[in-house]
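Before any comments, here is the structure.
The values are calculated or read from the model by the stated rules, or taken from the named source; none is laboratory data. Source: prediction; values computed, not measured. Virtual Cβ from ideal backbone geometry, glycine too; neighbours counted across all protein chains shown. The area values use the complete protein model at the heavy-atom level, side chains included, leaving out ligands, DNA and RNA. Shrake-Rupley method; radii C 1.70, N 1.55, O 1.52, S 1.80 Å.
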Amino acid sequence: MASKTEGYNIYKIFKYFSRKFKIKDKALPTDVKEAFSNYAGSPEARMRPDQLRRFMAEHQGETAVTLSDAEGIVRQVLSRRKNDVVQDHTTGLILEDFFYLLFLDDLNGPCNSQVHHDMTAPLSHYFIYTGHNSYLTGNQLSSDCSEVPIIKALQGGVRVIELDLWPSSKDDINVLHGRTLTTPVPLINCLKCIKEHAFVTSPYPVIITFEDHLTPSLQAKVAEMVTRTLGDLLYYPESECLTEFPSPESLKNRIIISTKPPKEFLELKDKGIVLANERESSGEETSGKDTVDGGLGVEFDADDRSESDQDDEDNSACGDNKSCQPAAPPEYKRLITIHAGKPKGGLREALRVASDKVRRLSLNEQALERAAASYPTDLVSFTQRNVLRVYPKGTRFNSSNYKPIIGWMHGAQMVAFNMQGYGKSLWLMHGMFRANGGCGYVKKPDFLMQNGPRNEVFDPKKTRPVKMTLKVKVYMGDGWHLDFSRTHFDTYSPPDFYTKVYIVGVPADCSKKKTEIISDDWAPVWNEEFTFPLTVPELALLRIEVREYDKSEKDDFGGQTCLPVSDIKRGIRAVPLHNRKGEKYKSVKLLMGFQFQ
C-alpha cells in the first residue's frame with residue numbers, strides 16, 4: 001500500500017513498516033533554462049510574445065508562426081495555469097510558464113499536425129493506412145463481426161476497410177470471416193457506418209476492398225445496396241480500365257471500391273458469349289491447395305493465407321467449367337475503381353507492369369518476403385504505377401501482425417493490418433501514419449517512384465552513404481503518477497524507469513539505444529543524447545518505449561510511441577506516450593530534443 005504525505009511518498013511494508021521516499025522537485029533541464037535565457041534575456045525575465053515567436057522560429061524551426069500566433073499561445077498558457085495575477089498576454093511568460101508550454105503536446109508536439117504532402121499524384125504514389133478483416137472484434141476464428149471496429153478504425157485515420165462478403169441463409173449478404181466460427185454482421189450495417197464515419201478524421205478517400213464470395217444475383221444486390229446507401233459519396237470511373245489511378249485530392253470525401261471484376265463476366269465478354277440462364281452457386285473458393293510456382297523454388301498456396309484473402313484464386317465453385325456460370329450484372333463491375341486480378345504464371349510474371357492499365361495485386365506476408373529476397377526491384381517497379389496489397393498469413397489466428405517496413409521499403413501501398421490487435425508491429429503502423437497530419441495518406445519518397453540517372457530502380461538491400469544524422473535527447477518524463485496507481489509498478493517503492501530508443505527502417509539504419517535506469521522517481525530525469533546516422537531517413541521510424549526495471553520479473557511496460565523521422569519537428573518537444581493498444585495516455589509524456597544534421 002502506498003500513500004502520499006507532504007513532500008514524501010510512503011510505502012507500507014508488511015503492514016507494520018513503512019518506507020519514505022522524498023518527492024524530488026521537477027528539475028528543469030539545462031537546455032530549457034538556456035533557451036529561455038537566450039530569448040528572454042535572463043532566467044528572471046519574462047518572455048514576451050515577440051521573443052517567443054523568435055524562439056519558435058529559430059530554435060524550433062516553426063518559421064510560419066506569427067506574432068499573433070505567439071500572443072495566442074501566451075494567452076493559452078497563462079489561462080491553463082490559472083494565473084490570475086498576469087492578465088495581459090503582452091507581459092509574457094516566466095521560466096516556469098515556458099517549461100509548462102514545452103510540455104504541452106497540443107501546442108508543442110513532435111510532428112507536423114498539418115497535411116503538407118502533395119496530394120495531387122495518383123493513388124499508387126502513396127502509402128495508405130490499410131485495415132485487414134476490418135469487421136472483426138478479436139481473433140480470426142471465433143470473435144464477433146461488427147461495425148464497431150470499422151468505426152474505430154475510421155476514427156483512427158484508417159483509409160482502407162476490408163469486408164468479406166458471403167451469402168446469408170435469407171438470400172442476403174453477410175460480412176464475416178469465411179469458414180470460421182465468427183458471427184456475421186449484415187453488409188448494410190457496415191456500409192451505413194462507413195458512410196457516417198468515413199470522413200470524421202480525414203477528408204481523403206476511403207477505399208472499401210471487397211473479398212467477394214457471392215453469386216451473380218447477390219453481386220447485383222451488392223451493387224444496388226452500395227449505390228443506394230453511399231449515394232453521391234460513391235465514386236467509380238467512366239472507363240472500364242484505368243491507365244492511371246486518380247489522386248487523393250480529386251477523390252476528397254469520396255468512397256471507392258476495390259475488388260476482382262466478376263471472373264465469369266470477363267471471360268465470357270472476351271469470347272463474346274452471354275448466357276441467358278442464371279445458375280445459383282455457393283460462390284466459395286475451392287478448398288484444395290491451388291499452388292502457384294512463384295519462381296522462387298518454393299510454392300505458395302491457398303492454405304498459406306487467410307481464406308478471405310485469396311485475391312489470386314478462382315472464386316468459382318465450378319473450377320474450369322466456365323459454361324456453368326452466368327454473366328454477372330455489369331452494374332457490379334462498373335463500381336470497381338481499383339481492379340484486383342489473378343496472377344498468371346509465376347510471381348515474377350504477376351509483377352509485370354502493363355503499359356495500358358493499372359491494377360492491384362495482393363500477396364501474403366510470406367510471399368512478399370520471398371519476392372523481396374529474389375525480385376526486390378521488380379516489386380518497386382510494379383508499385384510505381386500499380387497497387388500492391390500485403391496481408392497477414394492465415395496462421396495469425398490471434399490477429400497479430402507482421403513487420404510492415406518490408407512492404408514499405410518495396411513501395412507497397414496497402415500494408416494491411418489487424419487494427420484490433422496490438423504489439424510492436426502495430427505501433428510502427430501507427431507511427432508511419434502520424435505523418436502528413438495523420439490524414440491516412442503518406443506520399444512515397446521520390447526514389448520509390450522514379451528511376452535513377454542510369455534508369456536504376458531503388459534496391460532496399462543496397463548500402464548507401466549516410467544522408468542525415470538524427471540526434472535524439474531524452475530529457476525527462478512525467479505523468480505516470482497521474483495515470484497509474486501508486487503501486488502499479490512497485491508495491492514497496494516508486495518506479496525505476498528507463499527509456500529505449502529505436503530506429504526502424506532499411507537494414508543499414510536499424511539501431512537501438514537505452515538510457516540509464518533512474519531509481520525511485522515518478523518524474524525521471526535522464527538528459528541523455530543519442531546519435532543515429534541514417535542512409536534512408538525517408539523510410540525511418542523512431543520508436544520509443546519506456547520500461548520500469550524489475551529485478552525479479554520481466555520489466556514493466558511504461559508507455560510507447562512511434563514517430564516518422566521525416567515528420568519530426570526539431571527543437572525541444574513534448575512527446576505523448578501510448579498504451580500497448582496504441583491509445584494515448586492522458587498525462588504520460590517525455591520531454592525530448594531533436595536535431596538534424
Could you please state how large a percent of the accessible area of segment 60-161 is carbon and sulfur, counting protein chains only and using a 1.4 Å probe? 51
Residues in segment 159-175 near a label at I188, defined as backbone nitrogen under 11 Å from the 7 Å Cα→Cβ point? 172-173
So what are the ³J(HN,Hα) numbers for segment 375-388, from phi and the Karplus equation (6.51, -1.76, 1.60; θ = phi - 60°), rounded to whole Hz, Gly and Pro as x? 10, x, 6, 5, 4, 5, 4, 4, 7, 5, 10, 9, 9, 10
In sequence order, calculated HN-Hα J values of segment 127-139 (Karplus, 6.51, -1.76, 1.60; Hz; x Gly/Pro): 6, 10, 5, 10, x, 10, 6, 5, 8, 7, 8, x, 6
Where Rh denotes the Kirkwood radius from the mean inverse Cα pair distance, what is Rg over Rh for segment 400-474? 1.01
Solvent-accessible area of T130, probe 1.4 Å, all protein chains present, reported in Å² to the nearest ten, please. 0
With a 1.4 Å probe and every protein chain kept in, tell me what percent of the accessible surface of segment 468-596 is carbon plus sulfur. 44
Checking the table K462/K586; K393/K512; K467/K554; K393/K461; K393/K569 against a 31 Å threshold on Cα-Cα, which pairs fail? K462/K586; K467/K554; K393/K569
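Largest first and in whole Å, what are the equivalent-ellipsoid semi-axes of segment 149-269 based on the Cα gyration tensor, each being the root of 5 times an eigenvalue? Let's see the in-between values first.
Details: eigenvalues 105, 83, 29 Å².
For segment 149-269, the semi-axes come out at 23, 20, 12 Å.
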With the cut-off at 1.5 for a/c, could you classify segment 367-509 from its C-alpha gyration tensor as rounded, prolate or oblate? prolate
Dipole magnitude of segment 468-596 about its Cα centre (Cβ charges: Lys, Arg +1; Asp, Glu -1), debye to nearest 20: 460
Give me the distance in nm between label points sitting 7 Å out from Cα along the Cα-to-Cβ direction at H116 and N579, one decimal. 3.2
When the charge dipole of segment 468-596 is computed with +1 on Lys and Arg Cβ and -1 on Asp and Glu Cβ about the Cα centre, the Cα farthest towards its positive end, among T487, L539, T499, belongs to L539
Which stretch or stretches of segment 120-140 have amide N atoms under 17 Å from the point lying 7 Å from D446's Cα along the Cα→Cβ direction? 120-122, 125-126
Alpha carbons only, please: Rg and Dmax for segment 468-596, in angstrom. 14.7, 46
Show me the chymotrypsin sites (Phe, Trp or Tyr not before Pro) within segment 174-249 that DSSP assigns to loop and that have at most 15 other Cβ atoms within 10 Å of their Cβ. none
For segment 468-596, accessible area per residue (1.4 Å probe, heavy atoms of protein chains only), Å²: 36
